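The values are calculated or read from the model by the stated rules, or taken from the named source; none is laboratory data. Not measured: the values here are computed from a predicted model. Neighbour counts run over all protein chains shown; Cβ positions are idealised from the backbone, glycine included. Side chains included, ligands, DNA and RNA excluded: accessible areas come from the protein's heavy atoms. Shrake-Rupley method; radii C 1.70, N 1.55, O 1.52, S 1.80 Å.
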Protein chains: 2
Amino acid sequence: MTQKAAQEMGIFEVMYNNRAMRRLDSREIPEDMLVKLIEAASQAPSGSNMQNGRWIIVRDPTIKQRLAELNRAGVEAYIGPQGSNSGGLPHQSEDKRQRMLKAVMWQMEHLHEIPAIIIACMEFEQKVDSATMARSAGSIWPGVQNLLLAARAMGLGAAPTTLALARQSAVAEILNLPETMAAFCLIPVGYPLGNFGPVSRKPVADIMRFDGWSN
Amino acid sequence: MTQKAAQEMGIFEVMYNNRAMRRLDSREIPEDMLVKLIEAASQAPSGSNMQNGRWIIVRDPTIKQRLAELNRAGVEAYIGPQGSNSGGLPHQSEDKRQRMLKAVMWQMEHLHEIPAIIIACMEFEQKVDSATMARSAGSIWPGVQNLLLAARAMGLGAAPTTLALARQSAVAEILNLPETMAAFCLIPVGYPLGNFGPVSRKPVADIMRFDGWSN
């Protein structure tokens, strides 16, 4: 096995302790750490090895403010102002739902203060339509996961969201995207205010079968 | 920092050395390793923490044969019989393209012999349509990436493909999927016949910008 860097976290240690971190400090992140996140993201596979993932790191306060407004509209459409739509996350236990809602609301109020907002985009050869976006999602989301794991390994908090991106034309205008580019995911990144910790997941027996589903 | 298991590979070591492995040995994989792959996949995030990823591990020779037939049809539609459609991967250098084509053709001929074919699925509350699938891709592909990283860390070769899944009704019939489930990705897994190695990627400067794309 190749020698690994002294401070490098173990792969499973990272994966199993990568809780969504939404409450983030406003403290600036060194630029080389941000670049490292993108480099890590780019290691992920893409369909036919197209490597057409593109990444925009927003630090400019005005642009962050505009993204925060889009995110607010998206959150309110999904769970209602102040999280009032109690039907928004029906599959969660009440306690868990409340904790998640509070974190989403915190993020909504503070998004413009978070030091870096990373937008995962893709670039195509032609003007993008929704069918192209649908067909290509598998070539950008593995990179998003690499980015989230890399952030955790470097002590940075992050959590992916798509609620800000519902209006692609508004996103394109804010980020100067050409018509051949589309935004798939928004990832606020910063030093965490809370603690990293394990995620809780359904038992593997509930989500796995051998040879077919209904047998 | 938490103590990590003695044999655990470092997160970046795994990410930066996770080449798509298509030529795989027919040797059986211990079941606990397969279950570990699914558990690792399930640690990834999903939209609103729905956790609706589902995973089918196919080891049955008859079912593998039927998936291999679907894959053959998908590959031939994409790159032509025997890789004859030279326009199939225009963005690659000729040398790289030939190597990738050969590996894809090898996989096509041997898919039924590979010990485990994992199909990444999702389960929904209602009958699935293509719009639901498009909207949900971001909740299954991060798990696929976790699975690929976990495989590499355990010395297993893997590579994701979607060519076999173009005909969802045929896939559903083979895997006994209810109409509320859809298949997103197929991942053959086995001990590699070749060597693991680093991936080559575009320089980060080509795929990253600060604050907007065209500025």
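Yes or no: A:L89 over 18 Å from the mean Cα position of the chain (by Cα), modelled with pLDDT under 95 and crowded, with 16+ Cβ neighbours inside 10 Å?
Yes.
So B:E113 passes all but one of these: (1) open to solvent by 20 Å² or more (accessible area, probe 1.4 Å); (2) under 23 Å from B:A41 (Cβ atoms). Which condition number does it fail?
(2)
To keep it simple, each residue is scored yes or no on (1) more than 9 Å from every other protein chain (Cβ to nearest Cβ); (2) surrounded by fewer than 22 Cβ atoms within 10 Å (Cβ to Cβ); (3) within 15 Å of the chain's Cα centre (by Cα); (4) not in a strand (DSSP E or B).
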residue: A:Q98; (1), (2), (3), (4): yes, yes, no, yes
residue: A:I118; (1), (2), (3), (4): yes, no, yes, no
residue: A:P178; (1), (2), (3), (4): no, yes, no, yes
residue: A:L186; (1), (2), (3), (4): yes, no, yes, no
residue: A:S214; (1), (2), (3), (4): no, yes, no, yes
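Which one of the conditions (1) assigned to a loop (DSSP other than H, G, I, E, B); (2) within 10 Å of chain B (Cβ to nearest Cβ); (3) in contact (Cβ under 8 Å) with a residue 40 or more places away in the chain does A:W55 fail to meet, given that it meets all the rest?
Of (1) assigned to a loop (DSSP other than H, G, I, E, B); (2) within 10 Å of chain B (Cβ to nearest Cβ); (3) in contact (Cβ under 8 Å) with a residue 40 or more places away in the chain, only one is false for A:W55: (1).
Out of the residues in region A:120-169 meeting the condition of being surrounded by fewer than 17 Cβ atoms within 10 Å (Cβ to Cβ), of a type in the set (G, A, S) and not in a helix (DSSP H, G or I), tell me which one is farthest from the other protein chains (Cβ to nearest Cβ).
Going through the qualifying residues, I end up with A:A166.
Mind checking whether some residue in region A:23-44 is more than 7 Å from every other protein chain (Cβ to nearest Cβ), in a loop (DSSP other than H, G, I, E, B) and open to solvent by less than 30 Å² (accessible area, probe 1.4 Å)?
Yes, that holds for at least one residue.
Would you check if A:N17 is more than 7 Å from every other protein chain (Cβ to nearest Cβ) and closer than 28 Å to A:E123 by Cβ?
Taking the combined requirement at face value, the residue does not satisfy it.
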